[in-house]
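See below for the structure under consideration.
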Amino acid sequence: QVHLVESGGGLVQAGGSLRLSCAASGSIFSITAMGWYRQAPGKQRELVAVITSGGSTNYADSVKGRFTIARDNAKNTVSLQMNSLKPEDTAVYYCNADLRTRPTYPTGNYWGQGTQVTVSS
């Protein structure tokens, strides 16, 4: 079994910062990519940022220049540093990983339980 556990959400004023962390544990052979998605009330879940095992990153246009994703391959963790937060960043943030549990198994996609980020104006 694989578990992704997020931490670091909370309430912050506009212009403030938060740092989210996610740790993957369990039967993990390799992780291809880890990332963060978010879902605001009444909206579809959307990609925020993703990072590959090689360090390549991709960001949503709405967070470029404000958010930074980082990864520790040895610890199977990913973080999201969020600066200059805006009320429209308010959402539940989900950790996501593409990984293999065995060397011959296909890559599977896994989700964390989500952590609430609320930005007040």
### Summary
Short to long, in 10 Å steps from zero, the percent of alpha-carbon pairs of the range 25-120 per bin is 15, 48, 28, 8, 1
### Gaussian network model of the chain, Cα within-10 Å springs - most flexible of Asp61, Asp89, Asp98
Asp61
### Message
Please check: in the Gaussian network model of the chain (C-alpha springs, under 10 Å), which one of Val48, Val92, Val78 has the largest mean-square fluctuation.
### Response
Val92
### Message
What distance in nm separates the two pseudo spin-label positions at Thr101 and Arg45, each 7 Å out from Cα along the beta-carbon direction?
### Response
1.8
### Query
Whole-Hz Karplus ³J(HN,Hα) for the range 10-19, in order, using 6.51 cos²θ - 1.76 cosθ + 1.60 and θ = phi - 60°, x for Gly and Pro?
x, 10, 9, 7, 4, x, x, 10, 9, 10
### Query
Once you sort the root eigenvalues of the Cα gyration tensor of the range 74-121 as a ≥ b ≥ c, which label holds: rounded (a/c under 1.5), prolate (a/b larger than b/c) or oblate (the other case)?
prolate
### Query
Ranked by accessible surface with a 1.4 Å probe, highest first, in what order do Ser79, Ser53 come?
Ser53, Ser79
### Message
Just to confirm, what accessible area per residue do you get for the chain at 1.4 Å probe, in whole Å²?
### Response
53
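The values are calculated or read from the model by the stated rules, or taken from the named source; none is laboratory data. Note that the structure is predicted; figures quoted are calculated from it, not measured. Ideal geometry is used to build each Cβ from the backbone, glycine not excepted, and the neighbour counts take in all protein chains shown. Side chains included, ligands, DNA and RNA excluded: accessible areas come from the protein's heavy atoms. Shrake-Rupley method; radii C 1.70, N 1.55, O 1.52, S 1.80 Å.
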